[in-house]
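Worksheet for the structure shown next.
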Amino acid sequence: MSDAVAAADAVDPSADEVGGIDEEIKEDRANAYVEHFVHIVQSTKTLFPTLLDADEHAAIDTYLALPAAAQLVYSRLFQRKGPWFRTTSLSAIADHLHPDPESSVPPLQTALRALETASFIRRCPKDSYVDAIDAMKSACTIPEIQAVMVATGASKSKSAARYKTKPDMLERLRAFVTTQRRIDGSFLPLSTHLHAALALTSFDAPDLSSPHRQHRVHDPTSLTLFQIHPRTRDAFYRMHRLMYMTLSLPVQPTLKRATWGDWQRAVCRYEPTAWPGLLVIFGKVAAFPRVTLAAPSRPLFPTLHALMAYECASVLRHATRLIVDGVRLDHLLPSSARGLTADWLDVRPPTLLAFAGAASPSITSSSFSSSQPTKADFCDNVHAFLQSVDNMDSFVGELRACLASSLHLTREDDKQRRVFLEPYDATYALARSMDLVVGVYEKLGEYDKALVLLQELLATSVLGHKRGSWYTRLAINLEMHMKQPTDARAVCDTALSDPRVFPADRMDLLRRHRRLAKTPTTEDKEVVVEGCYPTHTIDGRPLNRAVGEKSRFIGYDDDSVTVEALVLQHYKSQGWHGAHDEGASFRSLLGLLLWDVMFLNDVPDVFQTPFQVQNLG
């Protein structure tokens, strides 16, 4: 199945349908968020207690001890992007909370105060203008920001009329607050002015259609603007990811001609996920077959450090994918970083904590003590690196260092793991990232750097199915771009003697070797036995013959068509109907055809959690 990625309210039927839904059904759907969340955290604690650190164990216990209303609110906030929220935007959640007849405090405020006491949410700090500006950026309207500007004096300038858009207004506020300090040297209380402005619009008029909304006077202790605590939210997100281990990371909107700064902002942005368990409850997808779990002979993550290394490597792989998808080539490298240098060739020790374990054996232990870094420290370390890295060369340098360290730390028994467990190893994710950046360097014309990366990948034993393509790309770069046909032929020789190269790649390399060889060798003279398949030739009139352009033909309807459309038109003239599809369509059809086979658990270790959307094989 394809991974559905969206905020949970986008898949919550109660948020879209108007009328026609029984109140009891609405209540059940609201409780579904809590039931799913509780099931996840309890299963994580039961199945993987050694893969949780002390902070995560404490977060689970604290959540389970919360009142039911607070659990409901947090499970819904967890499915929203945030991280800043207004209480006025939580009316759909407030409708499902039951007021306490003995208390005058609204039930939503009671739940939020319980979450604040548990450190699951926090108010905007009074001593931080950075948090206040960030909160205004994501949760305030332009009139509210204008009110804050008037209160602070930032709008008294004659040029205030220029600040019409939200980014301009926030930049004006940032510049004003950082330059205009009070007598004691402290910054202006931007957060105080923000809360004062929001207090005027934080409470709705009475809504007679809802029994839980009441007209009320503003309480200074009420939460009008708050932030879901990032560390706690990320801890629960890691638990969900561990349970749904076969689910791909959320697919962010593709960056269009993005700058390096756009990439840095996007790579650490939290994207809520529509978890398959919720989609099943809401009837968006069919229920998955039940499987019987047994104690795995080879656990997916033998140690806590192995899990953290995998998660950090997955973040780096996701960041690499965003670079490939949308960052402009002219923003990847400064002009001074062009060309291969001795500094680029030098592989330094990794700076990321997850891969710096060679010099610190305590980090590789199966559990953390109070003096050791927590899992949150590892994640913060990766995000800090991504926010500080200045260009792709520095990013790739860290990738190479992490891959070398991961290969060095790989234990002998890990090398004997089942093949289908390889994608859940940090080395696999790092090698995937290196494979992606090779193509980027080739687009940049940095073929010498691409050669180095390909040679380093071939020196590993991971991604065996990619070895043939690595040899091919190495030979092409040497022959076509570096003008070294002799070295290209030597690469083909090495590839043909490599038993791990797949037969299809071997045939391509053999043809390339035959073309590069001045005199045929014994292996070149071997007859390549290819399958004999029936062929059918279709004549077409080409419209273009330029090199580098997609071939176009004059179709049966006299329009310009592709070769695939021409073939479809040919068969349509004979009474056939069809479509041309690749990739996802065939995978979906194959998945439907083999649906029952995918959930057979006769093979050991293929199912290790009750939330897998497919087996590990």
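Can you tell me which of Met434, Met480 is among the hydrophobic types (A, V, I, L, M, F, W, C), surrounded by fewer than 15 Cβ atoms within 10 Å (Cβ to Cβ) and within 22 Å of Leu329 (Cβ to Cβ)? Give the derivation first.
Values: Met434 fails: surrounded by fewer than 15 Cβ atoms within 10 Å (Cβ to Cβ).
Every option except Met480 fails the conditions.
Looking at the stretch 551-617, what helices (runs of 4 or more DSSP H) fall wholly within it and have at least 2 residues that are surrounded by 15 or more Cβ atoms within 10 Å (Cβ to Cβ)? Write out each step before concluding.
Values: elements: 563-572, 584-593, 595-598.
Counting at least 2 such residues, we get 563-572.
Of the residues in the stretch 26-82, how many are under 15 Å from His240 (Cβ atoms), among the hydrophobic types (A, V, I, L, M, F, W, C) and in a loop (DSSP other than H, G, I, E, B)?
Qualifying residue count for the region: 3.
Ser314 fails exactly one of the following numbered conditions: (1) among the hydroxyl-bearing types (Ser, Thr, Tyr); (2) over 20 Å from the mean Cα position of the chain (by Cα); (3) within 19 Å of Ala431 (Cβ to Cβ). What is the number of that condition?
(2)
Here is a check on your reading of the model: is Leu279 part of a loop (DSSP other than H, G, I, E, B) and more than 30 Å from Asn391 (Cα to Cα)?
Values: part of a loop (DSSP other than H, G, I, E, B): no; more than 30 Å from Asn391 (Cα to Cα): yes.
It is false that Leu279 is part of a loop (DSSP other than H, G, I, E, B) and more than 30 Å from Asn391 (Cα to Cα).
If only one of Ala70, Ala65, Ala8 is in contact with a Leu (Cβ under 7 Å, 6 or more places away or on another chain), modelled with pLDDT of 75 or more and of a type in the set (Gly, Ala, Ser), which one is it?
Result: Ala70 is the single residue among Ala70, Ala65, Ala8 that is in contact with a Leu (Cβ under 7 Å, 6 or more places away or on another chain), modelled with pLDDT of 75 or more and of a type in the set (Gly, Ala, Ser).
The values are calculated or read from the model by the stated rules, or taken from the named source; none is laboratory data. Computed from a prediction, not measured in an experiment: that's the story for all the values here. Backbone-built Cβ (ideal geometry, glycine too); neighbour counts: all protein chains shown.
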